[in-house]
Amino acid sequence: MDPKPTVINGNVMVPFRQLFTALGLSIDWAKTDEKTQTVTGKKGDTVIQIQVSASNWTASLNGEEIKLTQSPFIDPETSTLYVNLRFISESVGAAVSWDNIHKIASIDTVKDK
């Protein structure tokens, strides 16, 4: 991926557009007001909404509020939105595994919805 993923507090954070596209999610980026932005990903019956804010540790999955283990953020150097790889992947039925020796996250989409 470019820009490269990063690990924050044990969470693999990846550029949202590349991840959403790779997992087959359509993307809707809507500015809801001057301070709050929301990105929505849709795939089949699955709808993921993430409000971009360093202080927002929740997301919406099919209308249900989900507590995140790391808040999404925008990298000020690249203006790239980073999201939690595991939350997004598992929300669409994919499995995520972590190889701690090589520091590689893998996504298995065989279970893909």
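The values are calculated or read from the model by the stated rules, or taken from the named source; none is laboratory data. Please read these numbers as outputs of a predicted model, since none were measured by experiment. Here the Cβ is made from the backbone with ideal geometry for all residues, glycine too, and neighbour counts use every protein chain on show. The protein model used for the area step is the full one, side chains on, heavy atoms only, and it has no ligands, DNA or RNA in it. Shrake-Rupley method; radii C 1.70, N 1.55, O 1.52, S 1.80 Å.
Once you keep just the Cα pairs under 8 angstrom separated by 6 or more residues, what percentage relative contact order results for the range 63-113?
Working: 50 pairs, mean separation 11.9, N = 51.
Worked out over the range 63-113, it gives 23 percent.
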Q.
If you roll a 1.4 angstrom probe over the protein chains with everything in place, what fraction of the accessible area of the range 5-85 belongs to carbon and sulfur, to the nearest %?
A. 48 percent
Q: List the relative contact order of the range 1-96 as a percent without decimals, with contacts defined as Cα pairs under 8 Å and 6+ residues apart.
A: 25 percent
Q. Quick one: if you stick a label point 7 Å off each Cα along the C-beta vector at ILE104 and LYS42, how many nm between them?
A. 3.6 nm
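Can you order the peptides 76-83, 15-22 by their average number of other Cβ atoms within 10 Å per residue, highest first? Working shown, then result.
Values: 76-83: 15.1, 15-22: 18.2.
Per-residue Cβ counts within 10 Å, averaged per peptide and sorted highest first, yield 15-22, 76-83.
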**Q.** For the chain, accessible area per residue (1.4 Å probe, heavy atoms of protein chains only), Å²
**A.** 60 Å²
Q) Picking from ASP99, ASP75, ASP28, which is most flexible by a Gaussian network model of the chain using Cα springs under 10 Å? A) ASP99
Q.
Suppose only helical runs count, i.e. DSSP H with n ≥ 4. What mean residue ellipticity at 222 nm does that imply for the chain under -39500 (n - 2.57) per run, divided by all residues and rounded to the nearest 500 deg cm²/dmol?
A. -3000 deg cm²/dmol
